[in-house]
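A quick write-up on the structure given underneath.
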Amino acid sequence: MQVIIVGGGKTGAHLASRLTDDGIAVTVIEQRAEVVERVRQICPSVSVIEGSGSDPEVLERAGVRIADAVAAVTGLDETNLVTSMLAKMEYAVPRVVARVNNPANAWMFTPVNGVDVGVNQAEITARFVIEGMDVHDMYTLMKLGRDEHSIVQVTVGAHARVAGLALKDIPFPAETVVTAVEHEGSLIVPNGGTALESGDEAIIFTSEEGRDEIRRLFS
């Protein structure tokens with residue numbers, strides 16, 4: 001597998017190190033000379049090219065025509081978005097992942113603009129902080145698509161309407177699928193006969209409208 005990482009800062013260098021540890025061939029594109037040198041020292045097995053990932057010539061030198069994936073992780077949303085558009089639309093890279101630095105720009109990081117997965121760091125950080133504070137009994141694991149479907153994790157409350165019920169007997173909202181249930185530390189792939197108990201955690205795919213109903217059912 002061939003992966004191009006655009007951006008050799010802390011995020012890019014760490015990602016490169018993780019991927020090479022897994023035996024993946026990585027090329028890093030970075031335009032700051034001092035950062036290029038640092039990446040070469042940190043990741044000696046990684047190919048590093050000095051230049052901008054938004055420059056087609058630099059992308060081609062990095063092997064974008066044969067790349068399996070491109071990760072645009074610079075600190076500039078404009079660069080990440082242009083890189084993604086070039087990778088997907090000009091070179092048909094199968095998988096394009098882009099870092100979103102400013103949450104206000106997240107709406108642009110979509111497949112229409114060449115981004116298969118937009119990683120909104122602020123949203124991810126906020127979610128884990130909220131989880132750590134334990135102020136909610138449901139939190140979003142991932143948002144999917146432009147129509148705001150989500151994968152959520154929700155805990156069955158002590159007095160929840162769903163406690164003691166089999167999944168087939170629970171009036172779930174439309175477009176909702178329970179994909180996994182954690183019961184007493186064991187992960188279960190559920191079926192209609194799987195019963196939920198207080199303290200269980202369920203992984204659920206649902207629509208934006210379904211989230212509120214799920215919260216009411218499980219709280």
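The values are calculated or read from the model by the stated rules, or taken from the named source; none is laboratory data. Note that this is a predicted model, so its numbers are computed, not measured. Heads up, the Cβs are rebuilt from the backbone with ideal geometry, glycines too, and the neighbour counts pull from every protein chain shown. For accessibility, only protein heavy atoms count, side chains too; no ligands or nucleic acids. Shrake-Rupley method; radii C 1.70, N 1.55, O 1.52, S 1.80 Å.
Points worth noting:
- Residue check for Arg127: in a helix (DSSP H, G or I), modelled with pLDDT of 95 or more and outside the structural domain of Glu213 (by the TED database): no
- Flag if Ile5 is touching a residue at least 12 places away in the same chain (Cβ under 8 Å), in contact with a Gly (Cβ under 6 Å, 6 or more places away or on another chain) and among the hydrophobic types (A, V, I, L, M, F, W, C): yes
- Remark: pairs (first residue in region 184-204, touching a residue at least 12 places away in the same chain (Cβ under 8 Å) and among the small types (Gly, Ala, Ser); second residue assigned to a strand (DSSP E or B) and open to solvent by less than 70 Å² (accessible area, probe 1.4 Å); Cβ separation under 6 Å; 6+ apart in sequence or on different chains) = Gly193/Ala166; Ala195/Ala166; Ala202/Val154; Ala202/Val178; Ala202/Val181.
- When the criteria are applied in full, Gly8 meets the requirement of being over 16 Å from Phe109 (Cα atoms), in a loop (DSSP other than H, G, I, E, B) and not basic (Lys, Arg).
- Hits in region 20-37 (condition: of a type in the set (D, E, K, R), open to solvent by less than 100 Å² (accessible area, probe 1.4 Å) and assigned to a helix (DSSP H, G or I)): Glu37
- Output for region 196-219, where each listed residue is in a strand (DSSP E or B) and either open to solvent by 50 Å² or more (accessible area, probe 1.4 Å) or outside the structural domain of Val154 (by the TED database) (or both): Glu201, Phe205
- Complete set of residues in region 60-112 that are of a type in the set (Asp, Glu), open to solvent by 50 Å² or more (accessible area, probe 1.4 Å) and in a helix (DSSP H, G or I): Glu60, Glu78, Glu90
- Subset tally (residues that are in a helix (DSSP H, G or I), under 20 Å from Leu19 (Cβ atoms) and modelled with pLDDT of 95 or more) for region 40-59: 2
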